[in-house]
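Visitor: Pasting a structure here, questions to come.
The values are calculated or read from the model by the stated rules, or taken from the named source; none is laboratory data. These numbers were taken from a predicted model, which means no experiment stands behind them. Neighbour counts are summed over all protein chains in view; Cβ atoms, including those assigned to glycine, are modelled from backbone coordinates with ideal geometry.
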Amino acid sequence: MSEKKTNRRDFLFTATYAVGAVGVGATIWPMIDQMNPDASVKALASTEVDVSTVTPGKTITVLWRGKPVFIRRRTQDEIAEARLVKLEDLKHPEKDEDRAKDPEWLVMLGVCTHLGCVPLDQKGDYNGWFCPCHGSHYDISGRIRKGPAPTNMEIPKYEFVNSNTIKIG
Amino acid sequence: MSDHEYTPKSKFGKWFNDRLPLLTLANHLTDYPTPKNLNYWWTFGGILTFCLITQIVTGLVLAMHYIAHADMAFDSVEHIMRDVNYGWLIRYIHANGASMFFLAVYIHIFRSLFYGSYKAPREIIWIIGIIIYLLMMAAAFMGYVLPWGQMSFWGATVITNLFSAIPLVGEGIVTWLWGGYSVDNPTLTRFFTLHYLIPFLILGLVVLHIWALHIPGNNNPVGIDIKKPSKDTVPFHPYIVIKDGFALLMFMIVFAFFVFYTPNILGHADNYIEADPLVTPAHIVPEWYLLPFYAILRSVPDKLLGVVAMLSAIFILAALPWLDTSKIRSAVFRPLYRQFYWILVADVLILGYVGAMPAEGLYLLVARIATAYYFLHFLVILPVLGFKERTLPLPLSITEPVLGGSPNLAAAKKKVSLNS
Amino acid sequence: MKNFFRILFLISLLIGFQYNSNAAEKVEYLKTDWSFKGLFGKFDRAALQRGYQVYTEVCSSCHSMKYLSYRNLAEKGGPEFSEEQAKAIAASFEVKDGPNADGDMFTRPGKLSDKFVMPYENKKAAQAANGGAYPPDMSVLVKARGGGVDYIYSLLQGYEDPPPGVTLDDGVYYNKYMYGNKIKMANQLSDGLVEYSDGTNATVEQMSKDVTTFLMWAAEPHLESRHQMGFKAIVYLIILTILVYFSMKKIWSRIKTEV
């Protein structure tokens, strides 16, 4: 058999394998993608929360995208305490001013950044939140101060629609 | 199983294979000596494996989104069709896949009938095949109930009511099947469970089916025993693999056409209406692949006997290796059987047609004649034919000429090549 | 190769069967050109938008479309209203929500994620308001009728005076395309009933065609991507089949035998 002939045969087989592999890949993708959030889940837009009844020193918890969101109306003492903390004392340095646009209102995802439990309100060594699962302590700005959690609790996208209503998402 | 001892080349391979001989199995499967004169009708075994895997994979995906509850099943199917990523594609593949599965299995069965593949020493392969076919019908029926449309509901009602034909205990069995006094949520959830289970039973039986096949080896269009391995055989890989692959791709083109361009043509419009226990659709028709049996059921004017006739029509197939008394396998060398074979094919197609039509007037008469002929074929024609028929002389091997150089050789050869 | 033609023949028989069984009741439907039929069929956007208008202004007072959401109106392959238009459409509906913190239900303007507002609370209410006949949900109506789009299109234009000898009860109308010819929905369409914003003349025929197109999309929202993907898939399969065919010829040429 001449060398030319061998090459052509090799090319034919290689091309067949390659084209076949593309097809297998294209077939597998829908089977994987079907597990991603579907159109109705993605469309679940924002939640609007009426905060007119929340007095200073109170926290309410609302559900947004299946997760708890803490909305705390902080007292003047708490605001002062949060703003006094030095950045170098923090594991995940963030200014309280950046976390709470309106200092009176702290809106954050109530999910511990360690493994996803919901921290308890007004507990822990720093007057903020305490996660009972693995002992992470958060301060009154929701910043991690002690324990295994790597970062501060997340601030979702939100805005005040009017003075009484917060729109999350 | 293997005709020669296999030793893996690598040290690790040998170590592993001594403990679990997977490599020996793989070697057996790739080297498996296959008759080289197999025609394309023999590719449907591979196609059926593809169908089963496709149904299992798409079915698993659908089960991730489907909700087996009478109040939510229909909604969840619409959710799959509209919102789930590629949900419409996966559901249409699954729904049309059932039809393609049956199309392939019917070709597979009729190939076996033509070439006498059910005869000794392959009776066990055949009987396992019939069990698989029965389980397929059960799975298809229960799967059709899951979308909880009008045909789902009324199909389930009608089919489960077949059991009420059993004397004395019939009514009790039906209530037990339903888990209530009508087809309702308990029925749906148990059908879902069983629909999920059956494909895996089929998968296990397919392994046995192939195992039983690999003991005597494949039958072939000439129907004579061959030595293996010999110059009459080729190793399964790559010869049969590539040929099966080619046929599978042709099959997939047809499949894709259904899925992408006429995804609902094989279904029934009424199944897009949510189940309503107060309204029965004008015509209750099973899926096309069950129509011949439905015609047999309706052609008998007695409830119990109708059910008996329908079940006998299926179970009679299991006795086929003993009903067919001819020692010659392939219809190529059986001129009379060949004609009766095609009459049977036509008979089953006619049964399918009248099964879709209202059971009245001429349709009913035709259904009765066709039913009678169906049983006549298996119970009278086949046993008698084995003794009476003058068969053509068989060749010595699939590559060598007939002993004595019969004048019929040319005709026989031509017939074989026509079928390839 | 011959065998494949035999198989194709069997398949065409199969389709023939099915076609026959579905069309047990044979009526000649009115014919029109549907843009979404065929290998590359796509919806006519303008017709979908007009069809939505007919649905909202005429059908929706009795017929629900419970599987559609307002967001669908802006999705690709549908009427493709702009996001802003779809938001405005959604906001024009009052949606029941709740319970709020006090445990009360309340109404608010619709959002994109809301399902189409239903005209009745439930099926029973719909029946009670319509003389016992339930106006079917229209989400999958096209697929739920044997004649599909042609049937719906014809039905909307099929109202006639009953032929002599046919008596109709109160609230029952004669329609030559309806199964059994008796229908509980009165003729809804008349020329100029709606005013199309794109200036199209709103004849009964035009409105029937538009609203039927809209219903087809509602039942098969992914029809366009299905057609596109189908064409690619089949072209791909043909190419691979040809490659495998030649590979097979090569492999089998090692031994002297025909494939």
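Visitor: Please specify each residue of the stretch B:191-218 satisfying the condition of being of a type in the set (Phe, Trp, Tyr) and surrounded by fewer than 17 Cβ atoms within 10 Å (Cβ to Cβ).
Guide: B:PHE200, B:TRP211
Visitor: Name the single residue, out of those in the stretch B:25-47 being away from every other protein chain (no Cβ under 14 Å) and not hydroxyl-bearing (Ser, Thr, Tyr), that is nearest to B:HIS108 (Cα to Cα).
Guide: B:GLY45
Visitor: Quick check: is even one residue across the stretch B:296-315 within 9 Å of chain C (Cβ to nearest Cβ), more than 30 Å from C:LEU237 (Cα to Cα) and in contact with a helix residue (DSSP H, G or I) (Cβ under 6 Å, 6 or more places away or on another chain)?
Guide: no
Visitor: Any idea which of A:THR53, A:THR59, A:THR47 is loosely packed, with under 13 Cβ neighbours inside 10 Å and either at pLDDT below 90 or in contact with an Asp or Glu (Cβ under 6 Å, 6 or more places away or on another chain) (or both)?
Guide: So the residue among A:THR53, A:THR59, A:THR47 that is loosely packed, with under 13 Cβ neighbours inside 10 Å and either at pLDDT below 90 or in contact with an Asp or Glu (Cβ under 6 Å, 6 or more places away or on another chain) (or both) is A:THR53.
Visitor: Something else about it: Considering each of C:ALA144, C:ALA186 in turn, give the residue that is closer than 26 Å to C:GLU28 by Cβ, among the aliphatic types (A, V, I, L, M), within 14 Å of chain B (Cβ to nearest Cβ) and in a loop (DSSP other than H, G, I, E, B).
Guide: Result: C:ALA144 is the single residue among C:ALA144, C:ALA186 that is closer than 26 Å to C:GLU28 by Cβ, among the aliphatic types (A, V, I, L, M), within 14 Å of chain B (Cβ to nearest Cβ) and in a loop (DSSP other than H, G, I, E, B).
Listed here are the residues, each with its yes/no results for (1) surrounded by fewer than 21 Cβ atoms within 10 Å (Cβ to Cβ); (2) farther than 26 Å from B:ALA73 by Cα; (3) of a type in the set (Ser, Thr, Tyr).
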residue: C:GLY51; (1), (2), (3): no, yes, no
residue: C:VAL58; (1), (2), (3): yes, yes, no
residue: C:TYR67; (1), (2), (3): no, no, yes
residue: C:ALA74; (1), (2), (3): yes, yes, no
residue: C:PRO79; (1), (2), (3): no, yes, no
residue: C:ILE89; (1), (2), (3): yes, yes, no
residue: C:ASP97; (1), (2), (3): yes, no, no
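Matching residues to (1) in a loop (DSSP other than H, G, I, E, B); (2) of a type in the set (Ser, Thr, Tyr):
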{"site": "B:THR325", "(1), (2)": "yes, yes"}
{"site": "B:TRP342", "(1), (2)": "no, no"}
{"site": "B:LEU349", "(1), (2)": "no, no"}
{"site": "B:LEU364", "(1), (2)": "no, no"}
{"site": "B:ARG368", "(1), (2)": "no, no"}
{"site": "B:TYR373", "(1), (2)": "no, yes"}
{"site": "B:PRO383", "(1), (2)": "no, no"}
{"site": "B:LEU392", "(1), (2)": "yes, no"}
{"site": "B:ILE398", "(1), (2)": "yes, no"}
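Visitor: With B:ILE67, B:ILE53 as the choices, which residue is under 20 Å from B:ASP276 (Cα atoms), out of contact with any Pro (no Cβ under 9 Å at 6 or more places or on another chain) and not acidic (Asp, Glu)?
Guide: When all the criteria are applied, what remains is B:ILE67.
Visitor: Only residues that are within 10 Å of chain A (Cβ to nearest Cβ) and either not in a helix (DSSP H, G or I) or not β-branched (Val, Ile, Thr) (or both): list them for the stretch B:89-124, please.
Guide: B:LEU89, the sole residue that qualifies.
Visitor: Looking only at the stretch C:221-257, filter to residues that are of a type in the set (D, E, K, R) and under 33 Å from the mean Cα position of the chain (by Cα); which one of those is farthest from the other protein chains (Cβ to nearest Cβ)?
Guide: C:GLU224
Visitor: Taking the stretch B:364-397, which residues are free of Cβ contacts under 8 Å to residues at least 24 places away in the same chain and within 26 Å of the chain's Cα centre (by Cα)?
Guide: Within the stretch B:364-397, B:VAL366, B:ILE369, B:ALA372, B:LEU376, B:VAL380 qualify.
Visitor: State whether the residues of the stretch B:249-263 include one that is at pLDDT 95 or above, facing another protein chain (nearest Cβ under 10 Å), closer than 23 Å to B:SER117 by Cα and not in a loop (DSSP other than H, G, I, E, B).
Guide: yes
Visitor: Quick one: how many residues across the stretch B:120-150 are within 21 Å of B:LEU177 (Cβ to Cβ) and within 13 Å of the chain's Cα centre (by Cα)?
Guide: Total meeting the criteria: 8.
Visitor: From the list C:PRO119, C:PRO163, pick out the single residue that is part of a loop (DSSP other than H, G, I, E, B), more than 14 Å from chain B (Cβ to nearest Cβ), surrounded by fewer than 13 Cβ atoms within 10 Å (Cβ to Cβ) and not acidic (Asp, Glu).
Guide: C:PRO163
Visitor: Please find, among B:ARG122, B:ARG111, B:ARG91, the residue that is touching a residue at least 60 places away in the same chain (Cβ under 8 Å), buried (at least 21 other Cβ atoms within 10 Å of the Cβ) and among the basic types (Lys, Arg).
Guide: The match here is B:ARG122.
Visitor: Step by step: first the residues of the stretch B:1-54, then only those that are more than 18 Å from B:GLY245 (Cβ to Cβ) and basic (Lys, Arg), then the one that is surrounded by the most Cβ atoms within 10 Å (Cβ to Cβ). Which residue is that?
Guide: My answer is B:LYS14.
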